[in-house]
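Scroll down for the structure; my scribbles are underneath it.
The values are calculated or read from the model by the stated rules, or taken from the named source; none is laboratory data. The structure presented is a predicted model; accordingly, all values stated were derived computationally and were not measured. Only protein heavy atoms, including side chains, enter the accessible area calculation; ligands, DNA and RNA are left aside. Shrake-Rupley method; radii C 1.70, N 1.55, O 1.52, S 1.80 Å.
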Amino acid sequence: MGQVAWKELCLSLFDYKTEKYVIAKNKKVGILYRAVQLFILAYIVGWVFMVKKGYQDVDTSIQSSVITKLKGVAFTNTSELSQKVWDVADYVIPSQVQTPTQFYAVLPSIPDALCYRDGDCASGEAVIAGNGVKTGRCLKAGANKSGTCEILAWCPVEKRGRPKLVVIFPTSNAENFTVYIKNSICFPRFHFCKTNVLETKDDTYLKTCRYGPEHPYCPIFLLGNLIHWKCASLPLKGGVIGIQISWNCDLDKAASQCNPQYSFSRLDSRLTEKSVSSGYNFRFAKYYRDAADVDFRTLIKAYGIRFDVIVNGKVMRAQWEAPRISQLCVLSVGLAL
């Protein structure tokens with residue numbers, strides 16, 4: 001029996017089999033069967049191919065560079081500043097709260113530097129509230145048991161306070177300033193590169209154009225269109241404005257239809273106007289040396305507007321590769337049966 005069974009098993013490998021079909025003459029079953037087929041066909045053609053572009057390959061590894069420039073001139077005449085002309089330098093690095101003629105000196109009585117002996121004042125240790133470093137000496141007044149560490153720092157210390165609105169932005173004229181934003185992008189996978197500047201030989205184009213529906217490839221924006229001056233805290237505390245540039249392109253279409261899309265928003269606590277974290281400011285210093293070879297500096301705390309340019313995008317292109325076609329065909333046949 002064992003030999004006969006093995007012989008039949010081996011011979012069965014060479015048998016040819018056909019499938020048997022049963023036809024059910026039932027309208028309800030037939031309608032349900034065709035409805036399922038139609039749904040599957042609509043899903044594959046409508047959703048996978050038409051909506052999701054399932055036949056296309058996608059590249060999101062965008063490479064981008066951004067160049068910005070600000071241009072404009074404004075004039076103010078106030079009791080605080082008298083007559084003042086505002087140009088690009090005054091806007092890019094504004095000067096508001098100044099602490100002039102600082103020099104290296106030893107400062108007694110500094111906050112956050114309480115001490116009882118010299119050992120409490122480690123030499124070279126930084127004191128944030130004192131804007132300097134400890135010298136290693138504990139200074140006491142009279143017979144007091146406690147004192148303050150001696151600090152080596154720039155003095156006088158920084159002036160506190162916030163400048164008046166007119167010192168930060170002359171809002172009546174600043175809205176006519178222009179911001180030049182040049183953006184170049186590349187998608188290395190498809191070797192596709194483009195820029196948001198119109199390709200023209202006309203040297204006067206960038207001097208006269210302004211971004212809008214009639215000039216979508218003009219990279220020059222009016223400052224008043226980017227900033228909502230009605231926001232009360234923006235001229236007073238400064239702020240951070242986000243400029244988002246999106247490139248979403250279908251490379252199966254003409255390259256002229258691949259256009260940048262712009263959106264603008266405020267990023268620094270715009271929903272909490274009274275928050276201590278809202279606004280934007282930074283510090284910088286101007287250094288000089290007098291005839292006696294002594295170093296001085298002017299410390300400046302500047303309030304201003306910062307632009308953060310954020311670039312994102314993706315491109316799609318049909319990639320009719322053999323493995324992908326076979327997979328789609330097998331999927332459609334398998335679902336249809």
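Straight-line cross-link reach from K17 at under 13 Å between alpha-carbon atoms covers no aspartates and glutamates, not counting any fewer than eight positions away in the same chain. Pairs K194/K253; K182/K253; K69/K253; K69/K207; K201/K253: which are spaced more than 22 Å apart, C-alpha to C-alpha? Over 22 Å Cα-Cα: K182/K253; K69/K253; K201/K253.
For K286, the aspartates and glutamates whose Cα falls under 17 Å of its own Cα, not counting residues fewer than eight places away in the same chain, are D90, E158, D295. Compute the distance from the alpha-carbon center of the range 180-214 to that of the range 1-46, in whole Å. Using only Cα atoms, the two centres lie 60 Å from each other. Each of D268, D293 has its accessible area taken with a 1.4 Å probe; listed largest first, they run D293, D268.
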